[in-house]
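**Student:** Could you have a look at this structure, given as structure tokens, before my questions?
The values are calculated or read from the model by the stated rules, or taken from the named source; none is laboratory data. Treat the numbers as computed from the prediction; the structure is a model and nothing was measured. The protein model used for the area step is the full one, side chains on, heavy atoms only, and it has no ligands, DNA or RNA in it. Shrake-Rupley method; radii C 1.70, N 1.55, O 1.52, S 1.80 Å.
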Amino acid sequence: QVQLVESGGGLVQPGGSLRLSCASSGRIFGLLDMGWYRQIPGKQRELVAVISSRGNTNYADSVKGRFTISRDNAKNTVYLQMNSLNPEDTAVYYCHTRWLMDDYWGQGTQVTVSS
């Protein structure tokens, strides 16, 4: 069983930055590939960034060069550093992983980019 808890969302002005955190329970965090997704009401959840257990990363084209995903295995935590935010980044952001063919999601954290 894996539990994921996100934090760090909020309201930010265009051009600003936020850092999201996702803390995981359990002792297997170092074995997990971790991802960040986001969802706008009425639209499908979309992948934002992923980081493998070995630290390899991949990003959606819309966030490349602006967002950085990282992990701290000692803290069982994955981060999403978001810079140069724009209103199109407004969404609920979810942390995700998969273990033994089961998907695990956090509760989500709202990010609102507005002046």
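**Student:** What list of ³J(HN,Hα) values in whole Hz, one per residue of the stretch 34-49 in order, does the Karplus curve 6.51 cos²θ - 1.76 cosθ + 1.60 (θ = phi - 60°) give from phi, with Gly and Pro shown as x?
**Tutor:** Per-residue couplings from phi come out as 10, x, 10, 10, 9, 9, 9, x, x, 10, 6, 5, 10, 6, 9, 7 Hz.
**Student:** List, in order, the whole-Hz ³J(HN,Hα) value for each residue of the stretch 95-101 obtained from phi through the Karplus relation with A = 6.51, B = -1.76, C = 1.60 and θ = phi - 60°; use x for Gly and Pro.
**Tutor:** Whole-Hz 3J(HN,Hα) from phi for the stretch 95-101: 8, 9, 8, 9, 9, 6, 6.
**Student:** Something else now. Under a 1.4 angstrom probe, counting protein chains only, how are D72, D89 ranked by accessible area, largest first?
**Tutor:** Values: D72 45, D89 0 Å².
Largest accessible area first, the residues go D72, D89.
**Student:** If you restrict to DSSP beta bridges whose two residues both lie in the stretch 6-111, what percentage is antiparallel, to the nearest 5?
**Tutor:** 95
**Student:** What number, in percent, do you get for the relative contact order of the chain if the mean sequence gap of Cα pairs under 8 Å and at least 6 apart is divided by its residue count?
**Tutor:** Details: 276 pairs, mean separation 42.1, N = 115.
In percent, rounded to a whole number, it is 37.
**Student:** Determine how large the accessible area of R19 is when every protein chain is in place; take a 1.4 Å probe and give Å² rounded to the nearest 10.
**Tutor:** Accessible area of R19: about 130 Å².
**Student:** In sequence order, what are the phi-derived ³J(HN,Hα) couplings for the stretch 21-30 according to the Karplus relation 6.51 cos²θ - 1.76 cosθ + 1.60 with θ = phi - 60°, rounded to whole Hz, with x for glycine and proline?
**Tutor:** Running phi through 6.51 cos²θ - 1.76 cosθ + 1.60 with θ = phi - 60° gives 10, 9, 9, 10, 8, x, 9, 9, 3, x Hz.
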